Amino acid sequence: MLLALASTTGKAQSLGAVCFGSTLGWYAWYTLRQEKTHTAAHIAIFTGIIGAASLTKLFPDRLFGYYCIGLALGFFACVIAMGRGWLKE
């Protein structure tokens, strides 16, 4: 379904941007509201996500969109799995 949605460069870029923003937004909300202390590890996670996204710009156009879609799918799958108790924090 996602591959059909992302069949053109514009759709992949748009869907990828939504996924990227939602993933970073959720993590920022969680970090700022839920964590008692903030460490360098939190900054490193943001830096890694944004750094990897910037590296995809060296490659063909669709790669950024697909990276962001995969990032969001994996991230929210982990959130759901932790919420159901399948993974330990």
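The values are calculated or read from the model by the stated rules, or taken from the named source; none is laboratory data. Everything quoted here is computed from the prediction, not taken from an experiment. Cβ atoms come from the backbone with ideal geometry, glycine included; neighbour counts cover every protein chain shown.
Tabulated values for the structure
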read-out	value
Test result for residue 24, of a type in the set (A, V, I, L, M, F, W, C), more than 19 Å from residue 79 (Cα to Cα), at pLDDT 75 or above and surrounded by 12 or more Cβ atoms within 10 Å (Cβ to Cβ)	no
Residues within region 46-76 that are surrounded by fewer than 12 Cβ atoms within 10 Å (Cβ to Cβ) and basic (Lys, Arg), tallied	1
Pairs, first within 19 Å of residue 79 (Cα to Cα) and surrounded by 10 or more Cβ atoms within 10 Å (Cβ to Cβ) in region 31-45, second at pLDDT 75 or above and among the β-branched types (Val, Ile, Thr), C-beta under 8 Å, six or more apart	42/31
Within region 51-66, considering residues that are out of contact with any Phe, Trp or Tyr (no Cβ under 8 Å at 6 or more places or on another chain) and touching a residue at least 24 places away in the same chain (Cβ under 8 Å), the one farthest from residue 15 (Cα to Cα)	61
